[in-house]
Structure formats: C-alpha cells, structure tokens
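> The following block contains the structure, expressed as structure tokens.
The values are calculated or read from the model by the stated rules, or taken from the named source; none is laboratory data. Predicted, not measured: the structure shown is a model, and the values here were computed from it. Reconstructed Cβ throughout: ideal geometry from the backbone, glycine too, with neighbour counts over all protein chains shown. In case anyone asks, the SASA skips ligands and DNA or RNA and just uses the protein heavy atoms, side chains included. Shrake-Rupley method; radii C 1.70, N 1.55, O 1.52, S 1.80 Å.
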Amino acid sequence: GAVVSQHPSRVICKSGTSVKIECRSLDFQATTMFWYRQFPKKSLMLMATSNEGSKATYEQGVEKDKFLINHASLTLSTLTVTSAHPEDSSFYICSARTSGRRGTGELFFGEGSRLTVL
Amino acid sequence: AQSVAQPEDQVNVAEGNPLTVKCTYSVSGNPYLFWYVQYPNRGLQFLLKYITGDNLVKGSYGFEAEFNKSQTSFHLKKPSALVSDSALYFCAVRVMDTGGFKTIFGAGTRLFVKA
C-alpha cells in the first residue's frame, strides 16, 4: 500500500513553545491530507482537512490559529501547534487518501506523533 | 447526523475461535464503509472497504466484513483468530461534507485474543 511518513514520532516541549509535525506521502501525490487527534482510549477526532495550495478546512471547535496547517506541495503537509500547553498533549495522526473514484480511495496513515507539553 | 457506532469497547476471544467486531452506521445516501486496525503507538492500517457490489468484502490478514443494508451494519469477522490480531479496530464511514469527503471513525473496539 501507499506509504505516509510522519515526523517526529515523539516530541516533548515546554509550555509556550511551538512544535511542527510533518506528514509526507512517499510514493504518491496527495492533494488532500487529514489531521487527526487521538486521546487515550478514544477514537480519532478529525481536526482539519489540508488541501494542497489552499487553506485548510478546520472542523468545528478546532482553533485554526493554534493549529496551523500548511500544505505547500503534493507530498507534504505540516501541522504546527503554536504556544503549546499541557492540554495540547496528545497523539496526532496524519493521513492521505489515494486517488480513486470520488470518495472511494482508502486512507493511509502516518505512524503518529506523540506530543507531550510540560 | 451521520455517524458510525461500535457498541463494544472490548471483545475477548480465544485463539482459533471465530471473531466478530460489530459496527453500525447512520448516513444519508449510499455508504462508503471502512475498517482500520491500530497497533499500540502506531498509525492506522487499512483492512478493507465496501463501496458497492458484493456484500461480503474480503480484506487483509484474513479479515472480512459483511455489509447489511437493512440492519445498517458492517461487522468485521475472521473465521479463526490469532493472538497477533489483538489490536484496536476502527470502523469508519466516508461522508460528503461542505469541504468534500471526510472520514468519520467509530469509537474503536479493542480485541484481545488469548492463546
């Protein structure tokens, strides 16, 4: 299957600093990528849809100024958690969808990034 | 509202026995349904999907799922469970939103297979 690489896998930062997480599609072009947040023993919460060359679409309740998303190329999307606080500690997962008849392609996921804010 | 439900937080099964992980959905129109598996501290891996056609869909690692329109269900099954199948399983539905298609996940079901 298609490969999505996410980096870093783990990051620990101090409160108030910013952290950038990268998501790359290694063997296919992804015009659309998705960012999810997963709380312990909880399902994935879609944060935003990242569209190459345009602004991301954020889900209701997600602060766009806090979670900055940039999708500058067909293979790279970044999520920057700005002025991180302990409540932002979580497991962040990106995914990209392969091409397919409208809406039918499966999602391929990165390995996830565990953020711990001290 | 469009949603997907996994009624069981956890499923326990002995190795070699058949397993079923339940999923029901509520969507308008024809559903696009998916199953994913997640191992500890990892991303999700695609198992199988139903778009159209045969109601019984076969996927990776010997898993299969049956689409039942009348019961709005898409249960995941495997005839003979392995200890290595122990993981977190997510059912998902693809829905159309103002920004395009997006995938909604169920709460997840943790599968424990005992040797």
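> At a 1.4 Å probe radius, carbon and sulfur cover how many percent of the accessible area of region A:18-118? Walk me through the intermediate numbers first.
Values: 2350 of 4740 Å².
C and S atoms contribute 49 percent here.
> Need one value: the accessible area of B:T72 in square angstrom, 1.4 angstrom probe, rounded to the nearest 10.
Estimated to the nearest 10 Å², B:T72 gives 50 Å².
> So how strong a dipole does chain A carry about its Cα centre when Lys and Arg Cβ are +1 and Asp and Glu Cβ are -1, to the nearest 20 debye? Numbers along the way, then the final one.
Values: 14 positive and 10 negative charges, 27 e Å.
So the magnitude is around 140 debye.
> Then there's this: Using a 1.4 angstrom probe and counting only protein chains, how large is the accessible area of A:E22 in Å², to 10?
Using a 1.4 Å probe on the heavy atoms, I get roughly 60 Å².
> Right, another one. List the accessible area buried at the contact between B and A, summed over both sides and calculated with a 1.4 Å probe, in Å² to the nearest 100. Please list the in-between numbers first.
On the way: alone 6480 and 6850 Å², together 11350 Å².
Approximately 2000 Å², summed over both chains.
> Just for the Cα atoms in the protein assembly as shown, what are the lengths along the principal axes, largest first, rounded to whole Å?
Result, largest extent first: 50, 39, 34 Å.
> Got a sec? Which residues of region B:1-42 lose 30 Å² or more of accessible surface with every protein chain in place, vs. that chain alone, 1.4 Å probe?
In region B:1-42, residues shielded by partner chains: B:Y32, B:Y36, B:Q38, B:N41, B:R42.
> Check chain A for me: any Cys whose beta-carbon has no other cysteine beta-carbon within less than 4.7 Å?
Lone cysteines by the Cβ rule: A:C13.
> In chain B, carbon and sulfur make up what percent of the accessible area (probe 1.4 Å)? Please list the in-between numbers first.
Working: 2690 of 5500 Å².
Exposed carbon and sulfur together represent 49 percent of the surface.
> Show me, for region A:106-116, the HN-Hα J-couplings you get by feeding each phi into the Karplus relation (A = 6.51, B = -1.76, C = 1.60, θ = phi - 60°), rounded to Hz, glycine and proline as x.
Computed from phi, the couplings for region A:106-116 are 7, 8, 10, 10, x, 7, x, 10, 8, 9, 10 Hz.
> Given a 1.4 Å probe, show me the residues in region B:82-108 buried by at least 50 Å² of accessible surface when comparing the whole protein assembly to the chain alone.
Relative to the lone chain, where solvent access is computed with a 1.4 Å probe, region B:82-108 loses at least 50 Å² at B:R94, B:F101, B:K102, B:F105.
> Which entries in A:K64/B:K69; A:K20/A:K42; A:K41/A:K64; A:K42/B:K49; A:K20/B:K78 show an alpha-carbon gap greater than 28 Å?
On the way: A:K64/B:K69 38 Å; A:K20/A:K42 23 Å; A:K41/A:K64 25 Å; A:K42/B:K49 22 Å; A:K20/B:K78 40 Å.
Over 28 Å apart, Cα to Cα: A:K64/B:K69; A:K20/B:K78.
> Relative contact order of chain A: what whole-number percent is it, with Cα pairs under 8 angstrom and at least 6 residues apart?
Details: 296 pairs, mean separation 42.7, N = 118.
It rounds to 36 percent for chain A.
> Would you rank A:M33, A:M45 by solvent-accessible area, highest first, keeping every protein chain in place and using a 1.4 Å probe? Don't skip to the answer; put the middle values down first.
Numbers: A:M33 0, A:M45 80 Å².
In descending accessible area the options line up as A:M45, A:M33.
> What is the dipole size for chain B, taken about its Cα centre, with +1 at each Lys and Arg Cβ and -1 at each Asp and Glu Cβ, in debye to the nearest 20? Write out the running numbers ahead of the final one.
Values: 11 positive and 8 negative charges, 25 e Å.
Roughly 120 debye for chain B.
> Considering only protein heavy atoms, with the full assembly of protein chains and a 1.4 angstrom probe, order B:K78, A:K41 by accessible area, largest first. Can you show the working numbers first?
Values: B:K78 20, A:K41 190 Å².
Descending accessible area places them as A:K41, B:K78.
> Heavy-atom accessible area of A:T75 with all protein chains present, probe 1.4 Å, nearest 10 Å²?
Counting only protein heavy atoms, the figure is 50 Å².
> While we're on this one: Just the accessible area per residue of chain B, please: how many Å² with a 1.4 Å probe?
Numbers: 5500 Å² over 115 residues.
Counting only protein heavy atoms, the per-residue value for chain B is 48 Å².
> When the accessible area of each residue in region A:36-70 is compared between its chain alone and the complete protein assembly (1.4 Å probe; ligands, DNA and RNA ignored), which residues differ by at least 40 Å², being lower in the assembly?
In region A:36-70, residues shielded by partner chains: A:S43, A:L44.
> For an R0 of 41 angstrom, estimate the FRET efficiency from the Cβ-Cβ distance between A:S9 and B:D54 and round to the nearest 0.05.
Details: r = 38 Å, r/R0 = 0.94.
Given R0 = 41 Å and the Cβ-Cβ separation, E is 0.60.
> Note down the magnitude of the dipole of the protein assembly as shown about its Cα centre, charges +1 on Lys and Arg C-beta and -1 on Asp and Glu C-beta and zero elsewhere, to the nearest 20 debye.
Details: 25 positive and 18 negative charges, 10 e Å.
The dipole of the protein assembly as shown has a size of about 40 debye.
> Out of every Cα-Cα pair in region B:29-72, what percent are more than 16 Å apart?
More than 16 Å apart: 41 percent of the Cα pairs in region B:29-72.
> Taking the Cα centre of region B:29-84 as the origin and placing charges on Cβ (Lys, Arg +1; Asp, Glu -1), which of B:V57, B:G43, B:H75 is farthest toward the positive end of the dipole?
B:G43
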